Amino acid sequence: MVFSFFMHTDDNSNNSKIHFSLIPLYMKKFVINILSLLLIASSFISCDKIPDGIVDSQTADHRVLNVTAPANFTPTSTDSFYVTSLKIENPGSVNEVWCTVKILGATKNIYDRINLFDNGDLANNGDVKRNDSVYTGKFLMSRQFSSGEYVIEYFVKDNINNEGSNVTNVVEHQFVFNNGKNNKPPVISDLTMPPSVNRNVDFVIQVKVSDPDGLADISRVEFNLYQPGGSYIGKFALLDDGNTASDGDITAGDGIYSSKRSFRADVTPGVWKFVFQATDLVGNPSNTITSYLTIN
């Protein structure tokens, strides 16, 4: 059966109206259902827009529990591998782990990147057990490297944050390297200090230090101090750090070790004794220089 809609125009109006009464009952129900769906759809359209980006509540919650690495390292008759590892809690957010190696105080790395793995590959990277949250790597410490203090800096890249902000310098470790060669003791010379000073007045002491194995082999430079009458006061450091304001040192790393000192007003005046000495990384002591300073 075919039904038609009839348009009726009121005599006093330009508006045309559909005679709803002319529509069969089941068609009326159909039209009502369509109108209901349109109302529901319009209610969704009027709601706030769903954000384009997805909010991720995850955080990089990894944490270093401990570092395993030798504090002192001497190669065998051939070059030897230095093995180090990090124990990491919550490694699920960890993407990569690596370290850099350089001489302490240097600006250039010996190794820019040593990757650490938790893959159980003992032969290639020193890792003992797979998936135990211990990340391990190894690198060659050659006998051609200078003896001295070295620093390892460890980095973790997470898989949560955006590229460029997902790398963290998590920890560092220092160790003493002895290249195993016939180490020779350091030598001190050219002591510079005033013959006398007044109390409460700053003065600077400087001594030149050399070492056949290089300045990186110097562990410490210091003087022992004795007051008039011979009583021992203590041991005091000289530094080659370029910190003129606090230590009196002009240029860092030039082998001139300095100490900026003063004597309080209440110290005993008279002749004080200074004994200077340097020590290298394997414990070899240098010669000593003894000098005297009159405190007024």
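The values are calculated or read from the model by the stated rules, or taken from the named source; none is laboratory data. Remember, it's a predicted structure, so these values are computed and weren't measured experimentally. Heads up, the Cβs are rebuilt from the backbone with ideal geometry, glycines too, and the neighbour counts pull from every protein chain shown. Just the protein is used for accessible areas: all its heavy atoms, side chains included, with ligands, DNA and RNA removed. Shrake-Rupley method; radii C 1.70, N 1.55, O 1.52, S 1.80 Å.
The table below lists the values:
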item: Candidate set: region 119-140, residues that are out of contact with any Asp or Glu (no Cβ under 7 Å at 6 or more places or on another chain) and among the aliphatic types (A, V, I, L, M); chosen: the one surrounded by the fewest Cβ atoms within 10 Å (Cβ to Cβ); result: A123
item: Single residue of region 215-273 satisfying the filter (aliphatic (A, V, I, L, M) and outside any strand (DSSP E or B)) that is most open to solvent (accessible area, probe 1.4 Å); result: I250
item: Which numbered condition V167 misses (of (1) more than 30 Å from D61 (Cα to Cα); (2) open to solvent by 40 Å² or more (accessible area, probe 1.4 Å); (3) in contact with a strand residue (DSSP E or B) (Cβ under 6 Å, 6 or more places away or on another chain)); result: (1)
item: Qualifying residue in region 286-295 (condition: modelled with pLDDT of 95 or more, in contact with a helix residue (DSSP H, G or I) (Cβ under 6 Å, 6 or more places away or on another chain) and either surrounded by fewer than 12 Cβ atoms within 10 Å (Cβ to Cβ) or small (G, A, S) (or both)); result: no
item: Residue satisfying condition, being under 27 Å from P285 (Cβ atoms), without any contact (Cβ under 8 Å) to a residue 40 or more places away in the chain and either of a type in the set (F, W, Y) or in contact with a His (Cβ under 7 Å, 6 or more places away or on another chain) (or both), within set F175, F145; result: F145
item: Contacts under 7 angstrom Cβ, first residue in region 207-221 being on the phi < 0 side of the Ramachandran plot, partner surrounded by fewer than 20 Cβ atoms within 10 Å (Cβ to Cβ) and among the acidic types (D, E), 6 or more apart; result: V207/D190; K208/D190
item: Elements of type strands (runs of 3 or more DSSP E) contained in region 78-166, each with 2 or more residues being in contact with a Pro (Cβ under 9 Å, 6 or more places away or on another chain); result: 80-89, 134-141
item: Test for V97: is it buried (at least 19 other Cβ atoms within 10 Å of the Cβ), modelled with pLDDT of 95 or more and over 14 Å from E172 (Cα atoms); result: no
item: Tally, over region 281-296, of residues that are part of a strand (DSSP E or B) and closer than 18 Å to P194 by Cα; result: 7
item: Neighbours by Cβ (under 9 Å, 6+ apart or cross-chain): first from region 95-107, touching a residue at least 60 places away in the same chain (Cβ under 8 Å); second loosely packed, with under 15 Cβ neighbours inside 10 Å and part of a strand (DSSP E or B); result: E96/N115; V97/N115; L104/Q174
item: Some residue of region 177-186 being open to solvent by 30 Å² or more (accessible area, probe 1.4 Å) and assigned to a strand (DSSP E or B); result: no
item: Of all residues making up region 274-285, the number that are open to solvent by less than 10 Å² (accessible area, probe 1.4 Å) and modelled with pLDDT under 95; result: 1
